[in-house]
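Written out below as structure tokens is the structure these notes cover.
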Amino acid sequence: MPAAGLSTAHSIVEPTPLARRIAGTIVIAYAVLALIPLVWIGLTSIKSPPDSISYPPKVLPWVDFEPTIEGYCNLFTTRSRQTPEYIASLPPADDRCEALARGKGMVVVGPSNYVPRFVNSVVIAFGSTVLAVVLGTLAAYGFSRFRVPLKDDLLFFILSTRMMPPIAVAIPIFLMYRELGLSDTRLGMILLYTSVNVSLAVWLLKGFIDEIPREYEEAAMIDGYTRLQAFVKVVLPQATTGIAATAIFCLIFAWNEYAFAVLLTSGSAQTAPPFIPIIIGEGGQDWPAVAAGTTLFLLPILAFTILLRKQLLRGITFGAVRK
Amino acid sequence: MAEVRLEGVTKRFGATVAVADLTLPVGDGEFVVLLGPTGAGKSTTLRLVAGLERADAGRVLIGGRDVTRAPPVERDVAFVFQQFALYPHLSVYDNLAFPLRAPARRTPADVVDRKVREVAALLRIESKLANRATQLSGGQMQRVAIGRALVRSPAVYLMDEPLSSLDAKLRAELRLELQRIQRDLGATILYVTHDQTEAMTMATRIGVMDRGRLVQLGTPRQIYEDPDDTYVATRLGQPAINLLPARLFEGTPMPRGTATVGARTEHLRITRATKGHAAGRVRWIEHLGDQNHLHIDVGAHKIVTLAEPDAGIDVGDPVDLALVGALWFDAAGARIRAGA
Ligand SMILES: Nc1ncnc2c1ncn2[C@@H]1O[C@H](COP(=O)(O)OP(=O)(O)O)[C@@H](O)[C@H]1O
Ligand SMILES: [Mg+2]
């Protein structure tokens, strides 16, 4: 690795056009396969409840079925059934959702819990990600640069916390959280996801920081910066790739986590994953509403990943093509 | 500028003794070059002066002040690293300004700007100031790295093989530039290299290091002409000094106890053998243009020496050797000084 570097870390052997085409075909085929469930969820969210469960399935909008925003209406509102006389006595509906509800003999009585649950997800996932990345960066820097007593054992211990599925400790954590009053609190969930993610963050970031030559900080310290100033001015800017990649990994885990969320949250701190599947309509599961909730829930991660895709790609290769 | 003294400094890394009982005075305005092979402890010595390593024993003094336990920031040194010299996330300008903008230094912005432009002009990199550090050639990067040291006026410049990653032409150019800068600024420089040309041409004094010890300290001339032992003798000279057993030169007067004869090119007279019995035979000739390297077999030993291209000696020729003054060493490799 030369000094402030040459920017060609790619394979010297250029793939042949045929190899390119084969690789392209495989990637596209896989992308289609992976996208089918997502497309299906998106389609379901714009169907009416009967269309969503009809057999054979209805696939093409405007051909097989008429798209509707009913799913999104049902996701964001709660409704109650009224007599036709009462509905007839009301002034004209002032929005699409109200009109749709009245068409089914119901009126909108208020917002659903989806928005607060979504906000909980945002606060908990981003909060725990920020905490895990900050703690992870500092710990990784310490492990990378200082002579820490029992360093290898500590690092192994940190890694070992990931060796069993987190849910295996669900019951002790459940009891502990009840004792401490952390059950069904945002703080409790942030702490929990942080503690799961911080081990991943330490290991990922240590790899990245190890790759930043310590001469940079040494030069800065000789030039009159303290270690902390050198860390901020020299190490952090060069670790952004690793930090971004780590943040995405942490965020995806915390955002999607379901088991602990079901176990530990039920009310004010409930996140979206346990909330979405239990959206009940008249006569059972309201699949279009569930699909609508899921579609919207996917968007932030999608945006975040597209925003940081360059860093993420480099992050997955673990610094191999860093420069 | 100031003088630097290391007094009996020892530094260990686990079982490795990187620097052993090193005493090295560097005078104010002096250009001292530490010369030695990889692993000799040269970098560790510089790092001890900079405060990047803490000495296990001994003292480090800069400008008469004991800084053995002081952190780097309090030592007022500038360090040029062999590699990783520039911050890749900053422009050339910001790289040069970085030391001046240190919180410990608090230089006003206009002074920073003036200094940066001054140094950029000195190193002829003005046109690159806006570039990112990663968009420079190797030579330009190294200039900027040296520039980062020059923007300050520290007590001492520490340079760790700053030219070793460059090609020969650039190296020669920067060598001259460094000498000029040192003269102009009257700077104290402690410079590490394993390149004997750099040591010979730039140093006011050379310190030869071997396995953590300072073996000899002297002017380039002293180190070349008057080495204390065979190790120092082999550090300088192109081609390297020939070390031969004394019995090959029976009949040549030499001090008592001489076990090894050190013969540089200028100590050897090579003539084509005319009598039936020859001392050696030319095995190989390397043509370097203006001169030839003769590889001569003398019994089981090999000698490499310079010869004029028109000396009229060819591969396979039998040759006679005569010594014209040489360096004498005892069985342990220590120098026996004639007349001493
Ligand atoms: N941080 C370190 N940890 C362990 N050993 C080191 C360290 N730095 C240097 N050494 C050892 O000390 C010796 C001298 O190294 P160094 O000063 O870098 O030599 P040089 O610069 O002359 O090549 C070597 O044996 C090297 O392996
Ligand atoms: Mg070195």
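The values are calculated or read from the model by the stated rules, or taken from the named source; none is laboratory data. All figures in this text were calculated on a predicted structure; none of them were measured in a lab. Counting neighbours? That spans all protein chains shown, and the Cβs are built from the backbone with ideal geometry, glycine included. With ligands, DNA and RNA removed, areas are computed over all heavy atoms of the protein, side chains included. Shrake-Rupley method; radii C 1.70, N 1.55, O 1.52, S 1.80 Å.
Looking only at residues of region B:1-30 that are away from ligand 2 (no atom under 16 Å from the Cβ) and free of Cβ contacts under 8 Å to residues at least 40 places away in the same chain, we find that the one that is nearest to the other protein chains (Cβ to nearest Cβ) is B:Gly14. One residue is enough: does region B:107-123 have a residue meeting the conditions within 16 Å of ligand 2 (Cβ to nearest atom) and either without any contact (Cβ under 8 Å) to a residue 60 or more places away in the chain or more than 30 Å from B:Asp21 (Cα to Cα) (or both)? So far as region B:107-123 goes, no, none of its residues is within 16 Å of ligand 2 (Cβ to nearest atom) and either without any contact (Cβ under 8 Å) to a residue 60 or more places away in the chain or more than 30 Å from B:Asp21 (Cα to Cα) (or both).
Could you list all residues from region B:55-83 that are within 12 Å of another protein chain (Cβ to nearest Cβ) and open to solvent by 30 Å² or more (accessible area, probe 1.4 Å)? Passing the criteria: B:Pro71, B:Val73, B:Glu74, B:Asp76, B:Gln82, B:Gln83. When region B:122-151 is filtered for residues that are in contact with a Gly (Cβ under 7 Å, 6 or more places away or on another chain) and open to solvent by 20 Å² or more (accessible area, probe 1.4 Å), only B:Thr134 remains.
Rundown of residues vs (1) touching a Gly at 6+ places or on another chain (Cβ under 6 Å); (2) closer than 20 Å to B:Ile241 by Cβ, yes/no style:
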residue: B:Trp284; (1), (2): no, yes
residue: B:Gly289; (1), (2): no, no
residue: B:Asn292; (1), (2): no, yes
residue: B:His295; (1), (2): no, yes
residue: B:Ala307; (1), (2): no, yes
residue: B:Ile313; (1), (2): no, no
residue: B:Gly325; (1), (2): no, yes
residue: B:Asp330; (1), (2): yes, yes
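Mind listing whichever residues of region B:256-289 are assigned to a loop (DSSP other than H, G, I, E, B) and surrounded by 14 or more Cβ atoms within 10 Å (Cβ to Cβ)? Across region B:256-289, the qualifying residues are B:Thr258, B:Ala259, B:Arg264, B:Ala273, B:Ala278, B:Ala279. When B:Val33 is tested against (1) in contact with a Phe, Trp or Tyr (Cβ under 7 Å, 6 or more places away or on another chain); (2) among the aliphatic types (A, V, I, L, M); (3) more than 16 Å from ligand 2 (Cβ to nearest atom), only condition (3) is not met.
Among the residues making up region B:217-241, those that are assigned to a strand (DSSP E or B) and either in contact (Cβ under 8 Å) with a residue 60 or more places away in the chain or within 16 Å of ligand 1 (Cβ to nearest atom) (or both) are B:Leu217, B:Asp229. When we screen B:Gln182, B:Gln196 for residues that are more than 16 Å from B:Leu46 (Cα to Cα), more than 14 Å from chain A (Cβ to nearest Cβ), crowded, with 16+ Cβ neighbours inside 10 Å and within 16 Å of ligand 1 (Cβ to nearest atom), the only hit is B:Gln196. Residue pairs whose Cβ atoms lie under 6 Å apart, sitting 6 or more positions apart in sequence or on different chains, and linking a residue in region A:82-108 that is in the same structural domain as A:Tyr72 (by TED's automatic domain parsing) to a partner that is surrounded by fewer than 16 Cβ atoms within 10 Å (Cβ to Cβ), are A:Ala93/A:Ala99; A:Gly105/A:Arg81; A:Met106/A:Arg81. With respect to the conditions (1) among the hydrophobic types (A, V, I, L, M, F, W, C); (2) surrounded by fewer than 18 Cβ atoms within 10 Å (Cβ to Cβ); (3) at pLDDT 90 or above, B:Ile206 falls short on a single one, namely (2).
Inclusion of B:Arg101 among residues that are assigned to a loop (DSSP other than H, G, I, E, B) and away from ligand 2 (no atom under 16 Å from the Cβ) is warranted. For B:Leu48, the stated conditions hold: it is open to solvent by less than 20 Å² (accessible area, probe 1.4 Å), over 26 Å from B:Leu176 (Cα atoms), within 14 Å of chain A (Cβ to nearest Cβ) and within 16 Å of ligand 2 (Cβ to nearest atom). Here is the figure for region A:70-88: residues that are open to solvent by less than 70 Å² (accessible area, probe 1.4 Å) and either in contact with a strand residue (DSSP E or B) (Cβ under 7 Å, 6 or more places away or on another chain) or hydrophobic (A, V, I, L, M, F, W, C) (or both) total 9. Please determine whether any residue of region B:28-39 is within 16 Å of ligand 1 (Cβ to nearest atom), open to solvent by 70 Å² or more (accessible area, probe 1.4 Å), in contact with a His (Cβ under 9 Å, 6 or more places away or on another chain) and hydroxyl-bearing (Ser, Thr, Tyr). Yes, the conditions are met somewhere in region B:28-39. So for region B:169-190 (the condition being touching a residue at least 40 places away in the same chain (Cβ under 8 Å), away from ligand 2 (no atom under 16 Å from the Cβ) and on the phi > 0 side of the Ramachandran plot), does at least one residue qualify? Yes, region B:169-190 has at least one match.
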